[in-house]
Amino acid sequence: MCPFCRRNGFTAFTDGLEGHAVETFLLTARKAGRRPESGYAAPMTAPAFDDPDSDLITIQGLDVPVHIGVPDAEREHLQNVLVDVEMRLCGKVEDAGDDIQSTVDYEEVAGRVRAVGAERPRRLIETLAADVAQSVLQNRLLASVKVTVRKRILPGTAFVAVSIVRYWSE
């Protein structure tokens, strides 16, 4: 098995591709913004979020206006939460070849997070974090995402936060 496949958690291939042909296929699929098709490669297990063989892109402290809170009265007023989005790539940043079309568009992700926040009122920041993670994982270059939502609500504290990690799955 080539280092690329081992690094990315791929096992047996059923179509006769071998060695660098497989590596080229996977890299081409990723650069085109697609995950490898089923039947070509199967992930062994979800990689650890802190996998040293893949890179991380982070948006930190994104100000997101939302209607959120347990009491109805709190949800009536727009308030800002801070959102951190840590995106684990399927591979290395070098795979993009300095091409914006082959990497994560930070502005698009920030817009997506704000759009999720504006979709509907929510009671819990946990729900917002899960919704954001699901939306961000639509990006085909990502293996996983960690979302942290911070809300200034509890007296005597800087903020209350929830962090979740979600993995891409077919």
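Only protein heavy atoms count here; under a 1.4 Å probe, Arg88 has an accessible surface of about 20 Å². Per-residue SASA remark: Arg75, around 40 Å² accessible (1.4 Å probe; ligands, DNA and RNA not included). Expressed as a whole percent, the accessible area of region 79-169 that falls on carbon and sulfur atoms is 50 (1.4 Å probe). Amide H contacts of Ser144 (H built 1.01 Å from N, in plane; Pro and chain starts excluded): Arg88, Trp168 sit under 5 Å, all sequence-distant by 5 or more or on other chains. Spin-label model, Arg140 to His67: label points 7 Å out along the Cα-to-beta-carbon direction sit 3.6 nm apart. Kirkwood analysis of the Cα pair distances in region 62-170 returns a hydrodynamic radius of 14.7 Å.
The values are calculated or read from the model by the stated rules, or taken from the named source; none is laboratory data. Bear in mind the structure is a predicted one, so any value in this text is a computation, not a measurement. Neighbour counts run over all protein chains shown; Cβ positions are idealised from the backbone, glycine included. Heavy atoms of the whole protein, side chains included, go into the accessibility calculation; ligands, DNA and RNA do not. Shrake-Rupley method; radii C 1.70, N 1.55, O 1.52, S 1.80 Å.
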